[in-house]
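Each value in this text was obtained by applying a stated rule to the coordinates, not by laboratory testing. Owing to the predicted nature of the structure, the values given are computational and were not obtained by experimental measurement. As a convention, Cβ positions derive from the backbone with ideal geometry for all residues, glycine included, and neighbour counts pool all protein chains shown.
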Amino acid sequence: MRRSTVLIAALLLAVPGSGQVNDDAKTYLNQGVQAFKNQGFSEAVGFFQKAVDIDPNSKTAHLYLATAYQGQYIPGVESPDNVRLAETALSEYKTVFSLDPRDENAAASLAKLCFDQKKLDEARDWNSKVIAINPKRKEAYYLLGVIAWRQWLVPDREARKALSMRPEDPGPLTLQSLREELKAKYLPMLDEGIVNMAKALELDKEYDDAMAYMNLLVRYRADLLDTPVAYNKQIEVANEWVQKTLATKKKKAAAQP
């Protein structure tokens with residue numbers, strides 16, 4: 001399972017007394033949560049769907065149903081059934097967001113689902129919505145940085161291949177005309193990605209995943225710089241991020257009981 005059953009149990013705590021769900025729908029939500037916790041996923045979806053049918057304007061009911069579908073989705077598996085799970089979850093989360101455009105959980109879940117499906121432009125848009133709702137959500141800045149790197153990764157590899165440059169060969173890209181063409185398209189995006197990753201690290205100074213991707217952003221962005229001197233300087237910065245990542249992971253491991 002890719003999504004913890006704990007999330008649905010946590011969502012349940014917000015329902016009693018909230019006034020957001022009528023009593024009949026709430027009964028089905030409770031039954032659905034129990035079924036999901038017992039790994040009765042199809043049964044849970046059935047209960048949550050009944051809650052939605054009874055109270056179609058309840059964002060909570062739609063949120064539970066969306067979460068149940070997302071909980072069964074396996075990123076990277078392209079089978080029709082798995083894709084259907086993701087698309088149904090997306091539809092339900094969008095209903096939640098239409099009912100409440102300030103619902104941070106729905107926006108964040110949409111961002112993650114789009115990211116997992118490699119819909120990177122949509123994932124970027126939803127992460128931007130998350131930040132508009134909660135400017136201190138570090139994961140949204142982190143994903144924006146990762147998206148920038150992913151969108152540059154393939155063009156960079158293709159450019160290196162076209163120039164007969166191996167992945168391990170030092171940069172920058174050797175053909176100036178190609179480098180300038182790619183720079184115009186991708187450099188602003190990469191710069192913004194670095195800014196977003198820095199924001200994630202500002203919010204959590206021990207965010208080792210963000211450190212690891214900061215290394216990648218700086219390292220791959222260096223291929224667009226104008227001179228070997230500039231390139232090497234940025235590789236030194238990237239290497240510093242590698243060391244910071246390793247040191248932080250070691251510190252966290254040592255702190256575990």
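With respect to the conditions (1) surrounded by fewer than 21 Cβ atoms within 10 Å (Cβ to Cβ); (2) farther than 30 Å from residue 111 by Cβ, residue 191 falls short on a single one, namely (2).
Regarding residue 219, is this residue assigned to a helix (DSSP H, G or I), free of Cβ contacts under 8 Å to residues at least 40 places away in the same chain and buried (at least 16 other Cβ atoms within 10 Å of the Cβ)? Yes; evaluated as a whole, the condition is true for this residue.
For the stretch 69-92, the set of residues classified as under 13 Å from residue 119 (Cβ atoms) and not hydrophobic (A, V, I, L, M, F, W, C) consists of 75, 87, listed by residue number.
For residue 245, the conditions (1) under 24 Å from the mean Cα position of the chain (by Cα); (2) surrounded by fewer than 19 Cβ atoms within 10 Å (Cβ to Cβ); (3) assigned to a helix (DSSP H, G or I) are fulfilled apart from (2). Just one of the numbered conditions (1) under 22 Å from residue 37 (Cα atoms); (2) in a loop (DSSP other than H, G, I, E, B) is not true of residue 105: (2).
Each row is one residue, and each column tells you yes or no for (1) touching a helix residue (DSSP H, G or I) at 6+ places or on another chain (Cβ under 8 Å); (2) among the β-branched types (Val, Ile, Thr); (3) more than 23 Å from residue 209 (Cα to Cα).
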position: 135; (1), (2), (3): no, no, no
position: 140; (1), (2), (3): yes, no, no
position: 147; (1), (2), (3): yes, yes, no
position: 162; (1), (2), (3): yes, no, yes
position: 166; (1), (2), (3): yes, no, yes
position: 171; (1), (2), (3): yes, no, yes
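Restricting to the stretch 222-242, what's the tally of residues that are hydroxyl-bearing (Ser, Thr, Tyr) and in a helix (DSSP H, G or I)?
We begin by selecting, within the stretch 222-242, every residue hydroxyl-bearing (Ser, Thr, Tyr); these are 227, 231.
Keeping just the survivors that are in a helix (DSSP H, G or I) gives 231.
Looking only at that region, the number is 1.
Test residue 153 against the stated conditions and say whether it is of a type outside the set (Gly, Ala, Ser) and in contact with a Lys or Arg (Cβ under 7 Å, 6 or more places away or on another chain). The answer is no for residue 153. Of the residues making up the stretch 156-170, one or more are exposed (fewer than 14 other Cβ atoms within 10 Å of the Cβ) and on the phi > 0 side of the Ramachandran plot.
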